Amino acid sequence: MLPPHRADALPEPSPSASPSPSLRRVQVQWALYLSLALLWFPSGAVASTLNCHKTCICASNIVSCSKMNLTTVPTGLPLYTAVLDLSYNDISRLRAEWTTVKLTKLHNLLLSHNGLHFLSSEAFVYVKHLRYLDLSSNDLRQLDEFIFEPLGQLEVLLLYNNRISQIDRSAFQGLHSLQKLYLSQNMISRFPLELVKDKTRLEKLSLMDISSNRIKVPPIEELQVLPAWIKNGLYFHNNPLICDCSLYSLLAHWHIRRLNSALDFKDEYICYLPGSQKSRVGVFDLNRDYMNCSTFYEADEEAWLEQTLILRCDTKHRDLSKTWVMPGDVVVTEGFNQTAKVLPDGSLQIGPVKSEDSGTYTCYAVSEALNETLYVLLKVHNFTENGNGEALNTAYTTLVGCLTSVVLVLIYLYLTPCRCFCCPKKNHEDSIHSSMLSAAPSHEDLINNTDPRHVAFIDPKELGQGLNGKVNPNDGEGDQGEIDEEGGLLGKGRRKKSVAESISSVFSDTPIVV
């Protein structure tokens, strides 16, 4: 018995007969219906072959395949996947074909604790919208060139606890949005300076952790000139650093500035003393017990007259609104002060510098969530930078003048030559035991134009007793004046002097000439 014929059933063409035009028309209609049906269903549901009940756990746009003993990435991932967790598996190689479709909505990819040791150069071609990539706690040993170049929107990259020893200088090229990079607990011996220094650094990178590696000598001079917002997140503690006073000064400066990289891990900055013993000491102890490094102090800004100076508001955070206040609590506003203006980067330009510009300048940096205050002490020298002869300040000039005056006075008192006519002729053979300054010249001396300077020689026998070596002119009325070579009278006229007017005699072999 033949089955009843249905109107909607397709007729079966005979093998030898060609399909009729009506049959072709029916086949085209069914193909069109099937295409419309495929377009009607969500694309993710059609493309996905992932079993969310056995292989992974699906919660909305989160797919968690953690601890499933997977050796490869599951295929058929839903196109709406935003977070994919593949941690704690045995995926040792991440090939280019781990996904054959573009996961445009995937922004978090977790691959930690997998024993991963190989990354294909095209592993991230289909996941260009990643913002968070966790490759930590694996067995990666090197980072090849341009390995992360497709990830232009990546913000956080975790590579800690691997065995990385080689990093190509172009490995991180293209990561224009990267903000945090974790490279700690690896085997890195070269400081990746190209990631932070000017002109080659990643513009948005604010945290780079390279602690617990094998770095011995960091590039100290290059690190000193970095902006504070980079140094604030630059961690390199727990490395086998070589002790050096420049290393101490660098970290001491960071600690004074209260930078997180030096403040949070102060006790974990350890270095090895030079020598055969290789003793481990704390870097912050080098100024006391070990290398006797000079204690670091924040230096003030110095300027010269007529110079153009720029004061930096070097804050620990980026994108802060900055306001400057000059000495005397004068707020710097545009068009208000002709010698000071705020530059687009928040620095203060002063010029030409005047002597009254000395003082403390304050920079207030604020944002919606943060605020920071910096103080800059400016000292203006009272001369131009190329002043040469003007370089002597008032105090130095005064000191030199005083010393010169003292030298001239001493020369006048002790090096004045004795003239022949003042030397006595009678007692050349007698030693002179004392000398006394003569009194003021008499009236006769002035009339006779004789030299008013006199030297009186006193016989020790005539000295009075009990005056503690002082000459008492009251013991005698005085001797007759002697006649000098010109015929003038010395000591003409007798004068009496009281004890108070007597002059102390100094026992010396050289008379004092006045």
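The values are calculated or read from the model by the stated rules, or taken from the named source; none is laboratory data. None of the values given here were measured: they were computed from a predicted structure. Reconstructed Cβ throughout: ideal geometry from the backbone, glycine too, with neighbour counts over all protein chains shown. Just so you know, the surface numbers come from the protein's heavy atoms only, side chains and all, with ligands and any DNA or RNA stripped out. Shrake-Rupley method; radii C 1.70, N 1.55, O 1.52, S 1.80 Å.
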Checklist outcome for this item: Checked the range 55-129 against the a/c 1.5 cut and the a/b vs b/c comparison, axes a ≥ b ≥ c from its Cα gyration tensor; verdict oblate
Item to check | Difference of contour (0.36 nm per residue) and Cα-Cα distance, residue 319 to residue 384 | outcome: 19.8 nm
Item to check | Nearest-10 value in Å² for the accessible area of residue 379, using the 1.4 Å probe | outcome: 110
Checklist entry - Roughly what would the spin-label model give for residue 142 and residue 155, points 7 Å off Cα along C-beta, in nm? => result 3.4
Next on the checklist: As an exercise, use a Förster radius of 41 Å and the Cβ-Cβ distance of residue 95 and residue 199 to find the FRET efficiency, rounded to the nearest 0.05.
Outcome noted: 0.70
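Considering Cα pairs under 8 angstrom that are at least six residues apart, work out the relative contact order of the range 193-244 and quote it in whole percent.
On the way: 59 pairs, mean separation 23.6, N = 52.
Across the range 193-244, relative contact order equals 45 percent.
Taking R0 as 25 Å, what FRET efficiency do you get between residue 216 and residue 312 from their Cβ-Cβ distance, rounded to the nearest 0.05?
Numbers: r = 31 Å, r/R0 = 1.23.
Approximately 0.20, to the nearest 0.05.
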Next on the checklist: So if each residue of separation counts as 0.36 nm, and I subtract the Cα-Cα distance between residue 375 and residue 67, what length gain in nm does that give?
Outcome noted: 105.5 nm
Checklist outcome for this item: Rounded to the nearest 10 Å², the 1.4 Å probe accessible area of residue 214 is 130
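Loop-only check: which GluC sites (Glu not before Pro) in the range 261-351 are DSSP coil with at most 16 other Cβ within 10 angstrom? Kindly include the intermediate steps, with their values, before the conclusion.
Numbers: sites: 268, 298, 301, 302, 306, 334; in loops: 298, 306, 334.
When the GluC sites (Glu not before Pro) of the range 261-351 are filtered for loop state and at most 16 Cβ neighbours within 10 Å, 298, 306, 334 remain.
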Checklist entry - Between the DSSP loop rule and a limit of at most 12 other Cβ atoms within 10 Å, which chymotrypsin sites (Phe, Trp or Tyr not before Pro) in the range 248-306 are left? => result 297
Checklist entry - What nm distance separates the two modelled labels at residue 362 and residue 57, each placed 7 Å from Cα along Cα→Cβ? => result 5.4
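Sorting check: for 227-239, 186-198, which peptide has the highest mean count of neighbouring beta carbons within 10 Å, and how do the rest follow? Intermediate results must be reported in sequence, preceding the final value.
Working: 227-239: 20.4, 186-198: 16.8.
Order by mean packing, descending: 227-239, 186-198.
Working with all protein chains in place, sort 100, 295 by solvent-accessible area computed with a 1.4 Å probe, largest first.
On the way: 100 110, 295 65 Å².
So, going from the largest accessible area down, we get 100, 295.
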Next on the checklist: If I take the Cα coordinates of the range 301-380 and project them onto the principal axes, what are the three extents in Å, biggest first?
Outcome noted: 39, 24, 21
Item to check | Volume of the Cα convex hull of the range 57-290, divided per residue and given in Å³ | outcome: 127
Checklist outcome for this item: If R0 = 45 Å, then residue 272 and residue 414, at their Cβ-Cβ distance, give a FRET efficiency to the nearest 0.05 of 0.10
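Multiply the residue gap between residue 132 and residue 400 by 0.36 nm, knock off their C-alpha separation, and tell me the result in nm, one decimal place.
Details: separation 268, 0.36 × 268 = 96.48 nm, distance 6.95 nm.
Value of the extension gain: 89.5 nm.
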Next on the checklist: Quick check for me: using +1 on Lys/Arg Cβ and -1 on Asp/Glu Cβ, what's the dipole size of the range 57-290 about its Cα centre, in debye to the nearest 20?
Outcome noted: 120
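Counting alpha carbon pairs within less than 8 Å and at least 6 residues apart, what relative contact order, in whole percent, applies to the range 226-385? Don't skip to the answer; put the middle values down first.
Values: 289 pairs, mean separation 35.6, N = 160.
It comes to 22 percent, rounded to a whole number.
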Next on the checklist: Using each residue's phi in the range 218-224, evaluate 6.51 cos²θ - 1.76 cosθ + 1.60 at θ = phi - 60° and report the 3J(HN,Hα) Karplus result to the nearest Hz, with x for Gly and Pro.
Outcome noted: x, x, 5, 4, 5, 6, 5
